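The values are calculated or read from the model by the stated rules, or taken from the named source; none is laboratory data. Model, not experiment: these values are computed from the prediction. Don't worry about glycine lacking a Cβ; one is built from the backbone with ideal geometry, like all the others, and counts go over all protein chains shown. Ligands, DNA and RNA are stripped out before the accessible areas are found, and what is left, the full protein with its side chains, is counted by its heavy atoms. Shrake-Rupley method; radii C 1.70, N 1.55, O 1.52, S 1.80 Å.
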Amino acid sequence: MQIELATSSGFCFGVKRAIKIAENSKNASTIGPLIHNNEEIKRLKENFNVETLKDEKEIEGIKKAIIRTHGITKNGLKKLEDSKAEIINATCPFVTKLQKICEKMSEEGYDVVIFGDENHPEVKSVQSYANPKAKVVLSVEDLKKIKLGKKIAIVSQTTRKIEEFQELATYLIKHYKEARVFN
């Protein structure tokens, strides 16, 4: 057996930021797990009384809400704002940037393509900012199956491989009149 040691380990910038925010926001609830790490979620609950709600359907009645690193949907945010809960936004700035790009490109008439897992909370969050609903793909084969207009904007889930994203971007550039690529 060969063991390889990773060049880097630990939490990314967005996760470190979210954990610090949660530690400073005692007695709060996160909308879905703050991050993908059960041990850290358990530590936050035990030491800082940070509860984890299953999803956006449980927003009603909470007093202090932390928006998780992956963000929540635009409708979920509106529901949270309407609930009058104190909102603490721990969305990763890279995810917030994707949300803004999708919203802006949609407003400018672009069909938005998101490279990512359609069931991932980050993708659901980002997708909700595009109108009409953005298309989510994992491969060039997926791209070939969907109908797109003349103007396309493509973004990527923050944890996807750049090489795969480049394949999708290259395909769009070759096959569409206008393709805006946001890495």
For this session: Please report, ordered by residue number, the helices (runs of 4 or more DSSP H) entirely within region 73-145 with at least 3 residues that are more than 27 Å from ALA22 (Cβ to Cβ) and more than 13 Å from the chain's Cα centre (by Cα).
Result: 93-107, 140-144
For this session: Within region 161-175, identify whether any single residue is hydroxyl-bearing (Ser, Thr, Tyr) and in a loop (DSSP other than H, G, I, E, B), and answer yes or no.
Result: no
Problem set entry | Residue list for region 145-157, restricted to those being surrounded by fewer than 19 Cβ atoms within 10 Å (Cβ to Cβ) and either touching a strand residue (DSSP E or B) at 6+ places or on another chain (Cβ under 8 Å) or touching a residue at least 12 places away in the same chain (Cβ under 8 Å) (or both) | ILE146, LEU148, GLY149, LYS150, LYS151
For this session: Would you be able to say whether some residue in region 71-88 is open to solvent by less than 10 Å² (accessible area, probe 1.4 Å), among the polar types (S, T, N, Q) and in contact (Cβ under 8 Å) with a residue 24 or more places away in the chain?
Result: no
Problem set entry | Some residue of region 161-174 being within 15 Å of the chain's Cα centre (by Cα), polar (S, T, N, Q) and open to solvent by 80 Å² or more (accessible area, probe 1.4 Å) | no
